[in-house]
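J.: What follows is a structure written as structure tokens; I'll ask about it next.
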Amino acid sequence: MYPCPSCQQHTLGFSAKIWTTVALPVKCRGCGALCFVPGSPGGVLAVFNVVLLTASGFAASAWHTPWPLAAAAVVAVALWLLRLHAQPFLALTPAQAAAALKHEGFWLFVFIVLSLFQ
Ligand SMILES: [Zn+2]
């Protein structure tokens, strides 16, 4: 369990870290605060995972075996989970969550409309 940024009680689970976004925050069972883990800004881990998966893909192709790519995929997922484990929750106000949901809902609507014309 992870501490809520508002009340510091350990009420938030790891699955909440995986599934929450700024538009769909989790509610603290202790104080009711809305919490989320910000998405990855990219950075060193994303670049490392891209290089690792690309290099292992070339190795898998050269050696005619899927094992290098499978091992690299396991490492990439493990590193992503470790980053998620280390990243703390942030608190949101209900107005911030509503604004984020409205914003993401608008872009989801745009993507659906655009996908109809392809
Ligand atoms: Zn709380």
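J.: Among (1) under 29 Å from Cys4 (Cβ atoms); (2) surrounded by fewer than 10 Cβ atoms within 10 Å (Cβ to Cβ), which single condition is Leu81 missing?
T.: With (1) under 29 Å from Cys4 (Cβ atoms); (2) surrounded by fewer than 10 Cβ atoms within 10 Å (Cβ to Cβ) applied to Leu81, the lone miss is (2).
J.: Return the residues of the stretch 99-117 that are surrounded by 10 or more Cβ atoms within 10 Å (Cβ to Cβ) and either more than 26 Å from Pro25 (Cα to Cα) or of a type outside the set (A, V, I, L, M, F, W, C) (or both); say none if nothing qualifies.
T.: Those that are surrounded by 10 or more Cβ atoms within 10 Å (Cβ to Cβ) and either more than 26 Å from Pro25 (Cα to Cα) or of a type outside the set (A, V, I, L, M, F, W, C) (or both): Lys102, His103, Glu104, Gly105.
J.: So which of Phe89, Phe48, Phe58 is within 24 Å of Cys4 (Cα to Cα) and among the aromatic types (Phe, Trp, Tyr)?
T.: Values: Phe48 fails: within 24 Å of Cys4 (Cα to Cα); Phe58 fails: within 24 Å of Cys4 (Cα to Cα).
Result: Phe89 is the single residue among Phe89, Phe48, Phe58 that is within 24 Å of Cys4 (Cα to Cα) and among the aromatic types (Phe, Trp, Tyr).
J.: Still on this model: What do you reckon, is Leu34 within 11 Å of the ligand (Cβ to nearest atom) and out of contact with any Leu (no Cβ under 7 Å at 6 or more places or on another chain)? Walk me through how you get there before you give the answer.
T.: On the way: within 11 Å of the ligand (Cβ to nearest atom): yes; out of contact with any Leu (no Cβ under 7 Å at 6 or more places or on another chain): no.
It is false that Leu34 is within 11 Å of the ligand (Cβ to nearest atom) and out of contact with any Leu (no Cβ under 7 Å at 6 or more places or on another chain).
This table checks each residue for (1) outside any helix (DSSP H, G or I); (2) of a type in the set (D, E, K, R); (3) within 21 Å of the chain's Cα centre (by Cα).
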site	(1), (2), (3)
Thr21	yes, no, yes
Arg29	yes, yes, no
Val51	no, no, yes
Gly57	no, no, no
Ser61	no, no, no
Val74	no, no, yes
Leu81	no, no, yes
Phe109	no, no, no
Leu114	no, no, no
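J.: What is the number of the single condition among (1) more than 16 Å from the ligand (Cβ to nearest atom); (2) in contact (Cβ under 8 Å) with a residue 12 or more places away in the chain; (3) in contact with a helix residue (DSSP H, G or I) (Cβ under 8 Å, 6 or more places away or on another chain) that Ala59 does not meet?
T.: It fails just one condition, (2).
Read the figures in this text as sums done on the coordinates, not as results from a lab. Computed from a predicted model, the values in this text were never measured in an experiment. So basically every Cβ, Gly included, is an ideal-geometry build from the backbone, and we count neighbours across all protein chains shown.
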